[in-house]
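This report refers to the structure that appears directly beneath it.
The values are calculated or read from the model by the stated rules, or taken from the named source; none is laboratory data. Note that the coordinates shown come from a computational prediction; the quantities given were computed from them, not determined experimentally. Don't worry about glycine lacking a Cβ; one is built from the backbone with ideal geometry, like all the others, and counts go over all protein chains shown. Just so you know, the surface numbers come from the protein's heavy atoms only, side chains and all, with ligands and any DNA or RNA stripped out. Shrake-Rupley method; radii C 1.70, N 1.55, O 1.52, S 1.80 Å.
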Amino acid sequence: MIIRTRSEKKSGIWDGLDIPLPRSSSRQMMQKALILGASGGIGGAVAAQLARQGWSVDGLSRKADGFDVTDPQAVASQLERLQGTYDLVFIATGQLHGAGHPPEKSLRALSAEAMADQFVVNAIGPALVMRHAQRLLPRDRRAVLAVLSARVGSITDNRLGGWYSYRMAKAALNQALRTSSVEIARTHPKAICVALHPGTVQTEFTKDYTARHSTVKPAQAARNLINVIEGLTPGNTGQFFDWAGKPVPW
């Protein structure tokens, strides 16, 4: 049995690969996922892995669909046209270099332009997605809203300093996720809203920094994150986990 995701040409939605599914799979039982940032290293790997596991996967990305999280109108127009609900909404957008500036090593390197750019991409954009994602979550069954964050966004865990703009933007993202989880729980009692730290993944995003850290390939990172997502319960909503399922302090 072969399932193909919807055509980008016809609907503007990411066109996934043809994935052979187990014979026991059925359209009636198939879970649905929406991946935002589906052309990125992690987003694309998560989309592909879910499809291999028998999920129906839709995706949006700036590269393929013009889904630009820095443009509120683009976010609204593309998400508002989606119909039905999703068992997983996965926000995999983000950037490391604000306005082309490398992560700051000291206060002297701070740039208002870089800080503003980091907040627009890494905090404001995902928060706008969350605004619309609430409508896309079912109210009568388990569903997960997950956003890629980073351990460096943890205030408690910050012992090295530096990386000001990226740290600040990810901390703001974490607060947006935490706050949205409180509101969404009022109308979606079975929903789970979490921030996820994927570890250092071998992507274009991290190519200048992988020599200093142990890394994993995108496919392995995707399997790790999906394992964490599958093990979550509504009691975990509003929390922050790493790729191994360990809580990360705020």
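List of remarks:
- Tally of residues being surrounded by 14 or more Cβ atoms within 10 Å (Cβ to Cβ) and over 14 Å from the mean Cα position of the chain (by Cα) across the range 103-130: 11
- Matching residues, the range 165-200, being under 18 Å from PHE241 (Cβ atoms) and not in a helix (DSSP H, G or I): ALA191, ILE192, CYS193, VAL194, ALA195, LEU196, HIS197, PRO198, GLY199, THR200
- Checked against (1) open to solvent by 20 Å² or more (accessible area, probe 1.4 Å); (2) under 24 Å from LYS32 (Cβ atoms); (3) at pLDDT 95 or above, THR179 meets all criteria but (2).
- Screening the range 35-95 for helices (runs of 4 or more DSSP H) wholly inside it with 2 or more residues that are crowded, with 19+ Cβ neighbours inside 10 Å and not hydrophobic (A, V, I, L, M, F, W, C) returns the ranges 41-52.
- Of ILE192, ILE124, ILE155, all but one fail to be farther than 26 Å from PRO218 by Cβ and either free of Cβ contacts under 8 Å to residues at least 24 places away in the same chain or among the β-branched types (Val, Ile, Thr) (or both); the exception is ILE155.
- Members of the range 139-154 found to be over 15 Å from ASP242 (Cα atoms) and open to solvent by 10 Å² or more (accessible area, probe 1.4 Å), listed by number: ARG139, ASP140, ARG141, ARG142
- Selected residue [touching a helix residue (DSSP H, G or I) at 6+ places or on another chain (Cβ under 7 Å), under 22 Å from MET115 (Cβ atoms), of a type in the set (A, V, I, L, M) and at pLDDT 95 or above] from ALA191, ALA195: ALA195
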